[in-house]
1. Are there any pairs with C-beta distances below 7 angstrom linking a residue in segment 147-160 that is surrounded by 21 or more Cβ atoms within 10 Å (Cβ to Cβ) to a residue that is of a type in the set (Ser, Thr, Tyr), with the two at least 6 apart or on different chains, and if so which?
2. Quick check on segment 273-282. Is at least one of its residues under 16 Å from Val170 (Cα atoms) and touching a strand residue (DSSP E or B) at 6+ places or on another chain (Cβ under 6 Å)?
3. If the requirement is being over 12 Å from the mean Cα position of the chain (by Cα), open to solvent by less than 30 Å² (accessible area, probe 1.4 Å) and under 20 Å from His152 (Cα atoms), which of these qualifies: Thr208, Thr213, Thr200?
4. Determine whether Glu132 is open to solvent by 20 Å² or more (accessible area, probe 1.4 Å), in contact (Cβ under 8 Å) with a residue 40 or more places away in the chain, charged (D, E, K, R) and farther than 26 Å from His240 by Cα.
5. When segment 316-367 is examined, which residues are found to be among the hydrophobic types (A, V, I, L, M, F, W, C), open to solvent by 10 Å² or more (accessible area, probe 1.4 Å), assigned to a helix (DSSP H, G or I) and over 13 Å from Asp210 (Cα atoms)?
6. Taking only segment 69-108 into account, find how many residues are open to solvent by 50 Å² or more (accessible area, probe 1.4 Å) and in a loop (DSSP other than H, G, I, E, B).
7. Which of the helices (runs of 4 or more DSSP H) found entirely inside segment 146-247 contain at least 3 residues meeting this: closer than 24 Å to Ala103 by Cα?
8. Within segment 109-126, count every residue that is in contact with a strand residue (DSSP E or B) (Cβ under 7 Å, 6 or more places away or on another chain) and within 20 Å of Asn328 (Cβ to Cβ).
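The values are calculated or read from the model by the stated rules, or taken from the named source; none is laboratory data. Since this is a predicted model, take the numbers as computed values, not measurements. All Cβ positions, even for glycine, are placed from backbone atoms using ideal geometry, and neighbour counts span all protein chains on display. What goes into the accessible areas is simple: the full protein's heavy atoms, side chains included, and nothing from ligands, DNA or RNA. Shrake-Rupley method; radii C 1.70, N 1.55, O 1.52, S 1.80 Å.
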Amino acid sequence: MRTLCILGSTGSIGTQALDVVRRSPDRFKVVGLAAGQSHELLIGQIREFMPPLVAIADEVAAAELKRALGGVRAVEILSGPDATEALARNSDADMVLNAMVGAVGLAPSLAALQTGKILALANKESLVVGGELIMDLVKGEPDRLVPVDSEHSGLSQCLRGERREDLKRVIITASGGPFRGWSRTELAKASVRDALAHPTWNMGPKITIDSATLMNKGLEVIEAHYLFRLDYRQIDVVVHPESIVHAIAEFADGSMVAQMAAPDMRLPIQLALAHPDRLPTGIRPLDLAKVGRLSFEPLDRDAFPAVDLAYRAGRMGVTYPAVLNAANEVAVMAFLEGKIRLIQIPEVVAAVLDEHEAPRAVSEVALQRADMWARGRAAEVIESL
C-alpha cells in the first residue's frame, strides 16, 4: 500500500485523485490533504479519509475547519501560507501528489523531494519556475519524479524501454481549446464565458484560460524539456481536436509511437499514483471504430503567440521561465476580472519578458525576486492598458 499526501485536494486534479483512491482502497492510504480555502469540501474529504495531517492556507478558513471538526481528534490541522510546504515536508507519505495551481506549488515540491518522497507532479509551475532546482534533487533517482499531466504521462509511456540516442523528437498535442480556428481579430472579441467553455477537459479557471490562449502548451514544452532532458528543437506542438492522442515520440528511423486514451485525467493520475504499475480500474476503454477518425492541424502561431513566448523564455533559461509564468498568472486573473481582453494576456507577458534582466545563476532567492518583480511589472502593464 502506498501512502499519499495530496496537495490541492479540493481542485480538479485533487478530487479526481481521491476518486482513484476510492476505487483502489487496497493500494492507497491518504495521510495528508492540503487546500487553499475550500474548507467545506475539505471537511467531507477529511471525514472520509481521516488523514492525520491537514494543511489549509487561509487562516479564517482554517479556524472554521477546526470548529467544524471539533469532535475529530485524530487530525492535526496546519494553517497559514507555509502550511502546505510543512505538510509536504513532515507527513509520513511515500508520495506527494502536487495538484496545486501556480508558482506557490514550487516550495512544496522542493520540500517533498528534499525529504526523500516521490513527487507526482501535476503542478506545471514547479518545473517551469524551478526546473533546475527540481532536477538537481532527482539526479540519479529519476523515478522520484512522476509526471501527471496527460501529455507528459503519455510521453513517459512512449519512451519506456527505448534508447534515448534513438529518439529524434517528441510531439505534444493540444486540443486547440475553445477557440480553435479563430483568427486574432475574432479572439479580440472573446468573452470570459467563451474562454471557460473548454470542449474536452473539465479543469479549474486558471488552467482553462491557459488552454484558451494555449499558454498551457507553452508551459508543457518547458516541462518536457526538463522531464525528458530534451533540447527545445526536439519538442513540437500539434493541434489534435479529438484529444485521443496525448503524445507522440518519433525515432531516428522515422517510426512513431503514440499514446492514446479517452480524455480522462484519472488515467494519468492513477498511472502516477501506482507507478510503475497499471491499475485495471475506472477508465473507459477506447472504441476506435466509434471514434472514426483522428485529425491533426498545425499550430496557428499568429493567433496564439503564447507558445512561442514559452519557447523563448525556456531557451533563455535562468529566471525567464519564472517571469513568464508570474506575468501570465497576473494577466489571466486580470482577464477573469474583466480588466483586459484575452489577446492582451500574451501581450502583457511579452512586455514583461522584454524588460527582465536575469541574474547569472538560479537559486530559490533569485526565483522569488524574479517572481515578485514580474507580478508587479505585469500589474503596471495591465494598468497602462
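1. So the pair list comes out as Pro147/Ser153; Pro147/Ser156; Glu151/Thr173.
2. No: zero hits.
3. Residue meeting the stated conditions: Thr213.
4. yes
5. Passing the criteria: Met316, Ala350, Ala351, Val365, Ala366.
6. Number of matching residues: 8.
7. 150-158, 205-213, 215-227
8. Summing the residues that are in contact with a strand residue (DSSP E or B) (Cβ under 7 Å, 6 or more places away or on another chain) and within 20 Å of Asn328 (Cβ to Cβ) in segment 109-126 gives 5.
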